[in-house]
Structure formats: C-alpha cells, structure tokens
Amino acid sequence: MNTIVRPLTRRLASILAALAVFLVPWHGSAEAVRLSEPRVEVPAKERGGVRFSLAAFPYAFSNPWALAFLPDGRALVTEREGRLLLLDGSSSVPVAGPPKVAAAGQGGLLDIALHPRFAENRLVYLSFAEPGAGGASTAVYRARLEERPGAAPALVEGRVIWRAAKKTGSDVHFGSRLAFDAAGYLFVTTGERGDGKRARDPADGQGKVVRLRDDGSVPADNPFAGGSGDAPAVWSLGHRNAQGLAINPADGLPWLTEHGPRGGDEVNVVLRGADYGWDLTTYGVAYSGAKVGVGATAPGVTDPILHWTPSIAPSGLAFYAGGAFPYWNGNLLAGSLAGRKLVRLVLDGRRVASEELLLDGDIGRIRDVRVGPDGFVYLLSDGPAGKLWRLQPQP
Ligand SMILES: [Ca+2]
C-alpha cells in the first residue's frame, strides 16, 4: 500500500467505525447496571431524532429527589422526608445514618453526589435542609458508605462540611444540587429562602453557588475568599433557586437551571464571581404580576443563556454522553416539575442552538435526570408515588 492510500484507508475505517455507532442497535450493557428489570409503560415514540420508550422500575418511592449510580451498577436514591435508599437488583434497602433534616415544604433531604474517587474512599455527599436555631438553612453532609456482611448499609463518620449560617423559618427555596468538576471541586447550589435580598449579599450563603474542596474547606482562589460570613465559600451570586446543576464536559464549567418567579426560569453558565441578577433582574414578574427589580437586565449582571417564559419549573439537569443515544451527545437534558417536561437543548458553545421536548406530560413532574453507566437516561418522577424511569432506545 503506498503512502497516499494508507491514510485514506485509515480515514475510511474511522468513518465506518463512527457510522457503526448509529447503525448497530444499542442494548446497553446488562452487567453495568444492577437494578430490577423495568417494564415499558410509555410505548415507543419518535422525538429528538430518536425512537425511544419509557420503562418504569418496580420500586416505590415517597417524594424521591435525587439518584446516583455506584461504580458497581447499584444506585442510591434520596427521598425528601429524609430516607436514603440503596437499590440492588429487586431490593430497595434504607441506608442508616443520613442527617436529620427539616422535612417541610420544599425542605428535606435533597441532592446526592459521590466523591470522584468513590471506588477508593466510599464518600457520599448529601445536600439538605438543616434544622437549627431560627429554622433551617441549606447544608452539605459528607459520610462514608459502609457495607458489612449481615448488616444494613450505613453512612458512618458523617459530618456537616458546609452550611449557610443564617437559619430562617421559611420552608421554600433551599436549592439544592451538588456536582464535582474535573479538578475535584464541589459546587453546591442554594436557594434564597424566599427572600430575594439574600441572593444579593455575598456574605449570605443562600441564593448562591458555593465552591468547596472535597472536605468542605474553602479554596483560596474563591472570588470572595477574604470576605465575611459565608462569603469565602461563595462562587457566584444572584440566584433565586437553582435545582439543576451539571458539569459540561465540553467546557468543564458548571451549568445550572433555576426557578424564576412567574416566568424567567433560567439556564446559566456559572462563572467565577459573576452576579446572576436576582432579585435586581429577571425575565419574569412577581406572582402578583408586579415588576421585580429593574427588569430583565442591568449593568454588571450576567444574562442567562436561555430563559423559559412561561415557566417550566426546571429540576434535574444532565449533559448527555453515552452510546445509547449517540445523536444526543453533548446535549443538555433538563427536567421540569410543573411543566412535566424533559427538554433537550442542542448547544453551540454557550448558545442554545435548538430546543425541543422529549417528554411533555408523559410521566408527570420530573424531579431528577441522570445518565446511567449504560448510556440510558434515568428519570425520577416527583411526588408521594414517585418512580424511577428508564428512557431507552426502541428499534
Ligand atoms: Ca438571572
């Protein structure tokens, strides 16, 4: 083979390999996920350029909030009232030792994230509404998941590694989502507890994105590291109530979704020290219809890359990466509560190139969105009879 033909052959081989991803039906990796077999409840439909169905798992949840897969294919699910469940095949076992939570209104046990080196250190992170003098505030608990033969799984050596200092009696707007970036920093979203002014005060940990080391200590390069109160942990401010957070593998940055008031739900790319405006700016209006702050934009405020007006009430958020839906790679998948939607956003850098609905009322309110190790999309539906769902390609 001469020197011209060889690169051409190689290129042809790589093109064929890339095409094969689209041509060979994907069945997932059966050994990658160790859950009960789900049953198809929403038959195949074609949306987002893909034909898929929705299958429900036979677990029963009460107000499930968040899902995390363990490296061995089992999964942990939080329930807002304070339970943590370990799913292993057909069993769903409570894990002992979660923190005591203020379970009322929007408060309770919220998000879960595993340490990036969980396989070595077994560390689990939980965000929650922490009760205390004056009411409750958003906090983060870290513990080690211990499993001993003959004993129930348990969180041990647990401690609160971060909390917003000021506790108040409101039961709304705690956030909260957790995500580790590639450098190992932990990002935490917190809501403003129903008081917009708190989002504007850098010394108040509510209404913020917070950035921590894995032990809860504050990195010296945080933008308000020299400030008072909660300021050293604060990474960005002016957030109303962010309940979706994911690290974009393309730019390494945290992206979030947050609830607006009436209209003005937002997608934001989280930048160091940036002000996202609440409650000085919003594309929405107050529930009464009254204007909030100065309007949509103001000098020094970072504009959202997208806003939903009317509101969809955005919840769990995930960047798609996997073999089951190669056409969706790099897309942002956003769940919605009141809107009962799963939205697919096709991105072009920090711009939304297109937006479409993958689900629209099919399974009710969606609380969490995760991509499984098998490439399927896993969803938690909200409410007292919440379910775990698998969105799977259908030939
Ligand atoms: Ca904003």
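The values are calculated or read from the model by the stated rules, or taken from the named source; none is laboratory data. No experiment lies behind these values; they were computed from the predicted model shown. Using ideal geometry, Cβ is built from the backbone for each residue, glycine included, and neighbour counts are taken over all protein chains shown.
Summed over the range 46-67, the residues that are crowded, with 19+ Cβ neighbours inside 10 Å, in a strand (DSSP E or B) and of a type in the set (A, V, I, L, M, F, W, C) give a count of 6. Within the range 105-146, the residues that satisfy the criterion of being of a type in the set (Lys, Arg) and part of a strand (DSSP E or B) are ARG142, ARG144. For the range 191-203, taking the residues that are part of a loop (DSSP other than H, G, I, E, B) and over 15 Å from ALA274 (Cα atoms), the one that is farthest from the chain's Cα centre (by Cα) is identified as ASP195. Of the residues ARG351, ARG365, the single one that is over 18 Å from the mean Cα position of the chain (by Cα) and surrounded by fewer than 24 Cβ atoms within 10 Å (Cβ to Cβ) is ARG351. Restricting attention to the range 186-199, the residues that are closer than 15 Å to VAL270 by Cα and either at pLDDT below 95 or surrounded by fewer than 18 Cβ atoms within 10 Å (Cβ to Cβ) (or both) total 0. The residue list GLY252, GLY289, GLY273 contains one member that is more than 14 Å from the ligand (Cβ to nearest atom), more than 25 Å from LEU178 (Cα to Cα) and surrounded by fewer than 16 Cβ atoms within 10 Å (Cβ to Cβ), which is GLY289.
If you go through the range 336-387, how many residues are in contact with a strand residue (DSSP E or B) (Cβ under 8 Å, 6 or more places away or on another chain), of a type in the set (Gly, Ala, Ser) and within 19 Å of ALA113 (Cα to Cα)? Result for the range 336-387: 2. Somewhere in the range 209-216, is a residue part of a loop (DSSP other than H, G, I, E, B) and either free of Cβ contacts under 8 Å to residues at least 60 places away in the same chain or within 29 Å of LEU379 (Cβ to Cβ) (or both)? Yes: the range 209-216 contains one or more residues that are part of a loop (DSSP other than H, G, I, E, B) and either free of Cβ contacts under 8 Å to residues at least 60 places away in the same chain or within 29 Å of LEU379 (Cβ to Cβ) (or both). Please tell me if ALA324 is among the small types (Gly, Ala, Ser), surrounded by fewer than 17 Cβ atoms within 10 Å (Cβ to Cβ) and not in a strand (DSSP E or B). Taking the combined requirement at face value, the residue does not satisfy it.
Put simply, of ASP88, ASP72 the only residue that is in a strand (DSSP E or B) and at pLDDT 95 or above is ASP88. Taken over the range 169-190, residues that are part of a loop (DSSP other than H, G, I, E, B) and over 11 Å from the mean Cα position of the chain (by Cα) amount to 12. Does at least one position in the range 297-310 carry a residue that is in contact (Cβ under 8 Å) with a residue 24 or more places away in the chain, under 18 Å from ARG365 (Cα atoms), surrounded by fewer than 24 Cβ atoms within 10 Å (Cβ to Cβ) and under 14 Å from the mean Cα position of the chain (by Cα)? Looking for residues that are in contact (Cβ under 8 Å) with a residue 24 or more places away in the chain, under 18 Å from ARG365 (Cα atoms), surrounded by fewer than 24 Cβ atoms within 10 Å (Cβ to Cβ) and under 14 Å from the mean Cα position of the chain (by Cα), one finds none in the range 297-310, hence no.
Yes/no matrix, rows are residues, columns are (1) within 16 Å of the ligand (Cβ to nearest atom); (2) crowded, with 24+ Cβ neighbours inside 10 Å; (3) free of Cβ contacts under 8 Å to residues at least 60 places away in the same chain:
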| site | (1), (2), (3) |
| --- | --- |
| SER137 | no, yes, no |
| ALA143 | no, no, yes |
| GLU157 | no, no, yes |
| HIS173 | yes, yes, no |
| LEU245 | yes, yes, no |
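Contact annotation: residue pairs with Cβ atoms under 6 Å, 6 or more positions apart or on different chains, pairing a residue in the range 225-241 that is free of Cβ contacts under 8 Å to residues at least 24 places away in the same chain with a partner that is more than 16 Å from the ligand (Cβ to nearest atom) and among the β-branched types (Val, Ile, Thr), are PRO232/VAL218. Scanning the range 255-264 for residues that are among the charged types (D, E, K, R) and near the ligand (Cβ under 10 Å from one of its atoms) yields one hit, GLU258. Checking each residue in the range 115-139 for being farther than 14 Å from LEU186 by Cβ and in contact with a Leu (Cβ under 6 Å, 6 or more places away or on another chain) picks out ARG122, PHE128. Is it the case that some residue within the range 299-311 is outside any loop (DSSP other than H, G, I, E, B), within 10 Å of the ligand (Cβ to nearest atom) and closer than 19 Å to ARG198 by Cα? So far as the range 299-311 goes, no, none of its residues is outside any loop (DSSP other than H, G, I, E, B), within 10 Å of the ligand (Cβ to nearest atom) and closer than 19 Å to ARG198 by Cα.
Looking for something at pLDDT 95 or above, among the basic types (Lys, Arg), in a loop (DSSP other than H, G, I, E, B) and over 16 Å from ASP368 (Cα atoms) - is there at least one such residue anywhere in the range 242-265? So far as the range 242-265 goes, no, none of its residues is at pLDDT 95 or above, among the basic types (Lys, Arg), in a loop (DSSP other than H, G, I, E, B) and over 16 Å from ASP368 (Cα atoms).
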